[in-house]
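Reviewing the structure listed below.
Every number in this text was worked out from the coordinates using simple rules, so none of it is lab data. Predicted model, so just to flag it, every value in this text is computed and none were measured. Neighbour counts are summed over all protein chains in view; Cβ atoms, including those assigned to glycine, are modelled from backbone coordinates with ideal geometry.
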Amino acid sequence: MKRLLVTGGSSFLGYRLLEQLPREQAAAICYWRNRPETEIPAWSVDMRDRAGVVGLIKRWRPEVIIHLAGSNRGESMEEVIVAGTRHVVEGCREVGARLIFMSTDVIFDGREGPYDESGVGRPLHGYGRAKVAAEGIVGGYDEGVIVRTSLIYDVERRDHGTQWIERALRAGEEVTLFTNQWRNPIEASSLAAACLELAESNYRGVLNVAGEQEMTRAVYAQKLLAWFEVAERDKVVLGEADGGRWPLDTRLDISRAKEVLATPLLGVDAVLAAARG
């Protein structure tokens, strides 16, 4: 395995990725203060700190960087995602590292789904705009791979969206689940394995990596609430999202990923069935 550096090591996906890495070959950058519980060397670095990010990359001298670090907080989101990616790319150039960058399906406006790798980003909100800008930076680096993915979940830990829904329902609050928003969610371990496979490959450019099962946000949320045995579901309301504010159909065409990767890209039902044994 090549010498790796993971940014966003304390993120939801980073947790699963670090599980699959050997101590002697990997290290992690954890954005800001959060540090994962891992034996892998890890440092807390503000992604907005050019000297800190580039300096750490030059000291560790990875052959591959898997760049997961980001933020969804309004005041820092663009700085962390855009400036942070610029700093990582600069570090990659310094040491000649391959770069795997994690992007998202919400770079699209959701009017022409499903999208293949030629899809052009037309985001409807700030997070999507920041990711489009970051994609542009990575796209200018010859050794870069842009991974566009969808909703990420885990059968052992609740993702942030499921946590929010569960807290609201248990507090007696009404939660609306959208019946007209289409995605193809992917299980975290599978996405982590796909990233590691890409780290060892020669693939360059954009690659859609998501689960093969397409479903609405409402169906997806209900499946996870049932999986995690959230009983307080009487306040769940089904409704439609505003297509002018949120992208409605950001399904990803994963046919190329199925040709390029050996990692299975299973749908939610298949993952849950396997987890049940």
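General observations
- Cα Rg, Dmax, the range 1-141, angstrom units: 14.9, 46
- Put simply, the amide H of residue 252, placed in the peptide plane, has neighbours under 5 Å in 115, 184, leaving out anything fewer than 5 places away on its chain.
- Helix 50-60 axis, angle to the chain major axis (alpha carbon atoms, nearest 10°): 70
- Cα shape, the range 181-243, gyration tensor, a/c 1.5 rule: oblate
- In this simple spin-label model, placing a label point 7 Å from the Cα along the Cα-to-Cβ direction at both residue 111 and residue 262 gives a separation of 4.3 nm.
- Amide H contacts under 5 Å for residue 109: 122, restricted to partners 5 or more places along the chain or on a different chain, H placed in the peptide plane at 1.01 Å from N.
- Axis of helix 217-227 versus longest Cα principal axis of the chain: the two differ by about 90°, to the nearest ten degrees.
- Student exercise, the range 1-155 dipole from Lys, Arg, Asp, Glu Cβ charges, in Debye to nearest 20: 380
- Rounded to the nearest 20 debye, dipole of the range 124-277 from Cβ charges on Lys, Arg, Asp, Glu: 220
- Residues with amide H under 5 Å from that of residue 98, placed H, sequence gap 5 or more: 64, 65
- Which of 246, 231, 272, positive extreme of dipole for the range 118-277 (C-beta unit charges): 246
- Members of 131/258; 2/258; 2/223 lying beyond 26 Å, as alpha-carbon distances in this model show: 2/223
- Among 149-159, 58-68, the order from most to least packed when residues are scored by Cβ within 10 Å on average: 58-68, 149-159
- Two-site FRET efficiency, residue 39 against residue 93, from Cβ-Cβ distance with R₀ of 30 Å, rounded to 0.05: 0.50
- Relative to the current alpha-carbon distance between residue 122 and residue 179, full extension at 0.36 nm per residue lengthens the span by 18.3 nm.
- Sites residue 50 and residue 2 - FRET efficiency at Förster radius 30 Å, r taken between beta-carbons, to 0.05: 0.75
- Overall Cα dimensions of the chain, principal axis frame, Å, largest first: 54, 39, 38
- Under Karplus coefficients 6.51, -1.76 and 1.60, residue-wise ³J(HN,Hα) of the range 198-204 in Hz, glycine/proline x: 5, 4, 8, 9, 9, 5, 10
- The range 134-148 and the range 106-132: distance between their alpha carbon centers, rounded to Å: 15
- Here the peptides 46-55, 81-90 are ranked by packing, the mean other Cβ count within 10 Å, and the order with the highest first is 81-90, 46-55.
- Within the chain: Cβ-based charge dipole about Cα centre, in debye rounded to nearest 20 (Lys, Arg +1; Asp, Glu -1): 620
- In order along the range 233-246, phi translates into HN-Hα couplings of 10, 6, 9, 6, 10, 9, x, 10, 7, 7, x, x, 9, 10 Hz, rounded to whole numbers, per the Karplus curve 6.51 cos²θ - 1.76 cosθ + 1.60 with θ = phi - 60° and x for Gly and Pro.
- Chain lengthening between residue 203 and residue 228 when straightened (0.36 nm per residue, less Cα-Cα): 5.3 nm
- Principal-axis tilt of helix 84-95 within the chain, Cα atoms, nearest 10 degrees: 30
- Surrounding net charge for residue 117, when Lys and Arg each add one and Asp and Glu each subtract one, Cβ distance under 13 Å: -1
- Projecting the Cα atoms of 139, 126, 172 onto the charge dipole of the range 101-196 (Cβ charges, centred on the Cα centre) puts 172 farthest toward the positive pole.
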